[in-house]
Each structure stands twice: as structure tokens, then as C-alpha cells.
Amino acid sequence: MKKLIVLIALVTVTNLTTRCFAQDLGGAIHAGYLSEIETLGFGGSLLYDINDTWGLAAGGTFAFKSEDNIDVRWIAADLDVHYTFFDNLYALAGGQYLSARVKEDETFNGFVLNEGSAVTSSDFGVNVGAGYRYNLMDNVSVYSEVKYVALESGYIDARLGLHFAF
């Protein structure tokens, strides 16, 4: 069984890499709102359009929030499959790895009296959502995505970004 899985993975990777130079490869930057921590996140992605219908996106988002002596930092890594079903409107599904760090400091009049210990956690989740890409020029487009990330406590990631085709 292991040999079959390795063979399928090898054939898939070989197929994708041999066709990579004939297809569309691009990069994107984005900013978005993360509902769980109620703040903005920033990040980037690499996108590979396999054909006019299917595509792959791998990216990351960094978010931080400091409020009432509590410092929250998120790093999320996504791997999604895009399925374009109408014009430039697409559905997406995939997975996410999320690493979160929360730290609480004791302060007095702006001075840190006691640095609290940081609590770090990580989790894997599933992404489901939709997006739209609007072409501004041949190799530049604006896109928006909204996705739900199902983790232990799920959240919504709504983002707006710029995509650059290579």
C-alpha cells in the first residue's frame, strides 16, 4: 500500500513540474480580517493555475494584536485548491496549520513589571470558501476571498489582495 501511495505522489509531482513552465504561476500579497482575534492579518501566497478551471495556492498570514497587556500573535500556513466555475469566481478548499502565541505582561504606568510566560499552541484545520479575481492588466489582478477555517474554534478569514502573474 505504501508503494502505491509513493508511486501516485511521484507521478503527480512529475506531472505538475513538467507542465509548470507552460502554465500560469503567480504571487500575491493580501490583507484581511480574522474574526477569531478581531484584527487584521497580512501575508502572501504563491498560486499555480493548472488550467482554466483548477489551481493551487500556498500561502501564509501573520497577525498580531496587543490589548490590555495581552499580546496575541498568529502565523497561519494554507494550502488550497481553487475551482473556477464562472468567469473569475472560484471555490476553494484545503487545509491550514495555525500557530498561536499568547503572552500576558504585568505593567504599571507603561512599565513592564513582570513578564508573563507565553502560551503557544498549534492546530490543523480545514478551509472552505470562495473568491473572485478581477484583472486590472495582463499580469496584475485584484482579488478577494472569504473562507471559513474549521479548527477547534473556527473563524472567518476575509481578505483583499493583489495578484501578480509571472
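The values are calculated or read from the model by the stated rules, or taken from the named source; none is laboratory data. All figures in this text were calculated on a predicted structure; none of them were measured in a lab. Note: ideal-geometry Cβ built from the backbone for every residue, glycine included; neighbour counts use all protein chains shown.
The residues of region 85-97 that are surrounded by 18 or more Cβ atoms within 10 Å (Cβ to Cβ) and either among the small types (Gly, Ala, Ser) or over 15 Å from Gly154 (Cβ atoms) (or both), listed by number, are Tyr90, Leu92, Gly94.
Scan region 32-46 for residues that are closer than 18 Å to Arg133 by Cβ and either modelled with pLDDT under 90 or of a type in the set (Lys, Arg) (or both) and the total you get is 0. Any residue at all in region 48-65 that is over 22 Å from Ala150 (Cβ atoms), surrounded by 13 or more Cβ atoms within 10 Å (Cβ to Cβ), touching an Asp or Glu at 6+ places or on another chain (Cβ under 7 Å) and of a type outside the set (A, V, I, L, M, F, W, C)? Scanning region 48-65 turns up at least one residue that is over 22 Å from Ala150 (Cβ atoms), surrounded by 13 or more Cβ atoms within 10 Å (Cβ to Cβ), touching an Asp or Glu at 6+ places or on another chain (Cβ under 7 Å) and of a type outside the set (A, V, I, L, M, F, W, C). Taken over region 48-65, the criterion of being β-branched (Val, Ile, Thr), out of contact with any helix residue (DSSP H, G or I) (no Cβ under 9 Å at 6 or more places or on another chain) and over 16 Å from Tyr97 (Cα atoms) is satisfied by Thr53 alone. Contact map, region 67-88: first residue within 19 Å of Lys147 (Cα to Cα) and touching a residue at least 12 places away in the same chain (Cβ under 8 Å), second residue of a type in the set (Asp, Glu) and surrounded by fewer than 12 Cβ atoms within 10 Å (Cβ to Cβ), Cβ cut-off under 8 Å, separation 6 or more or different chains; pairs are Thr84/Asp52.
Taking Ser45, is it among the hydroxyl-bearing types (Ser, Thr, Tyr) and closer than 17 Å to Arg101 by Cβ?
Values: among the hydroxyl-bearing types (Ser, Thr, Tyr): yes; closer than 17 Å to Arg101 by Cβ: no.
So Ser45 fails the test.
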